[in-house]
Amino acid sequence: MSVTTHPTAVPAPAPIAFWRLKGFPLIPVLILLLIALVAIFADVLAPYDPEIGSLARRFRPPAWQEGGSMAHLLGTDHVGRDVLSRLMYGARVSMIVGLAAVLFAGVLGTFLGIVSGYLGGWVDQVIMRLTDTWLALPGLTFAIFLAAIVGPSELNIIFILGGVYWTRYARVIRSEVLSLKEREFVNLAIVAGCSRRAIMWHHILPNVINSAVVLATLMLGIVIVTEAALSFLGVGVPPPRPAWGLMLADGKKGLMVGYWWLTVLPGLCIMLMVLSANLLGDWLRVKLDPQLRQL
């Protein structure tokens, strides 16, 4: 008498939550998500119009200080505008300008890096000499110079910052392409008759996208600080738009007479956003870099 045995079902492995990965920067990611949500839903969350104030309620302190009120949790500025509302809308400005400038710089720099590294020859020489010239110029000073020429506006700042920082991508991507184009899969694609454009698009680009993403995360903090500096100097986002750098410029005169919330609060927002972006970028660099993946 034979006994039929049924194979026991092997349970599927439970998916590993990404926040449980070693060294995952949970708090920085939560801070970035919170800032992103506030930026998206600022129209709903902000209690007041960020550009309209009343001189009757100017320089009101935060709610927990003497003279403050729950109507203005973080106080008001020199023209009576609600600081909390301006911080919320300022998050939108920083997110839009930062992400758009990083995307523009990443696309341009990655494209030029791939073309330069794969084609080589005079094309590589022209692109790299242009890159060297760009890198020799101080980024912030160059951005101030360009912003002073074209005038302050959010769109101009996006193109200026993208035009200033594309060189970082071009250098890094080119160095990787020089190694990738000697790999066997590229040689096989050449033997198979693939065009240069097809090789760069289908074989080179997918292998450098990780580096571009990591660099974009690290560049986000630099771009946000630069945008805040341009707004602080009056050549960035024009008033009365609620940019964090512009809020710092408006509040600097009141810092010495006790109106600390006008500079401390926007400065704290800039610091948290930049620090969180840098910590996330460092973690991605370690996880996506094959040489550091085992650390």
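Rule-based calculations on the coordinates, nothing more; no lab input. Quick caveat: nothing in here was measured; it's all calculated off a predicted structure. Cβ placement follows ideal geometry from the backbone for every residue including glycine, while neighbour counts extend to all protein chains displayed.
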Among Val83, Val235, Val29, the residue with the largest mean-square fluctuation in a Gaussian network model of the chain built from Cα contacts under 10 Å is Val29
Would you pull out the residues with amide H under 5 Å of Ser69's amide H, same chain only if 5 or more places away, H placed 1.01 Å from N? Ala63
If the cut-off is 20 Å between C-alpha atoms, which aspartates and glutamates fall inside it for Lys287, apart from same-chain ones fewer than 8 positions away? Glu176
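Leu135 to Leu288: extension gain in nm, 0.36 nm per residue of separation minus the Cα-Cα distance?
Working: separation 153, 0.36 × 153 = 55.08 nm, distance 2.58 nm.
Taking Leu135 through Leu288 to full extension adds about 52.5 nm, to one decimal.
Show me the ranking of peptides 93-102, 174-183 by mean Cβ neighbours inside 10 Å, starting with the highest. Don't skip to the answer; put the middle values down first.
Working: 93-102: 22.4, 174-183: 16.7.
My ranking of the peptides, most packed first, is 93-102, 174-183.
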Those aspartates and glutamates that a straight Cα-Cα span of less than 14 Å connects to Lys252, excepting residues fewer than 8 apart in one chain: Asp77
I'd like to verify something in the chain: which complete DSSP H helices, judged by Cα projection on the helix axis, reach 27 Å or more and average at least -0.5 on the Kyte-Doolittle scale? 83-119, 154-180, 205-233, 261-288
Please check: in the Gaussian network model of the chain (C-alpha springs, under 10 Å), which one of Asn207, Asn156, Asn187 has the largest mean-square fluctuation. Asn187
Under the rule a/c < 1.5 gives rounded, and otherwise a/b versus b/c splits prolate from oblate, where does region 75-228 land using the Cα gyration tensor? prolate
Estimated distance in nm for a label pair at Phe185 and Leu26, the labels positioned 7 Å out from Cα along Cα-to-Cβ: 3.5
Net charge of neighbours whose Cβ lies under 15 Å from the Cβ of Leu103, counting Lys and Arg as +1 and Asp and Glu as -1: -1
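Could you work out [θ]222 nm for the chain from helices alone, using -39500 (n - 2.57) per DSSP H run of at least four and dividing by all its residues? Round to the nearest 500 deg cm²/dmol.
One gets -22000 deg cm²/dmol as the mean residue ellipticity at 222 nm.
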Hey, any idea what Rg/Rh is for region 162-295, computing Rh the Kirkwood way over Cα pairs? 1.19
Quick one: in the chain, what % of C-alpha pairs are over 27 Å apart? 54
Given a 10 angstrom Cα cut-off, can you work out which residue in Phe104, Phe159, Phe145 is the most mobile in a GNM of the chain? Phe145
Between Val126 and Arg196, how many nm apart are label points set 7 Å from Cα along the C-beta direction? 1.1
Quick one: the Cα spread of region 60-133 along its three principal axes, in angstroms, biggest first? 69, 19, 18
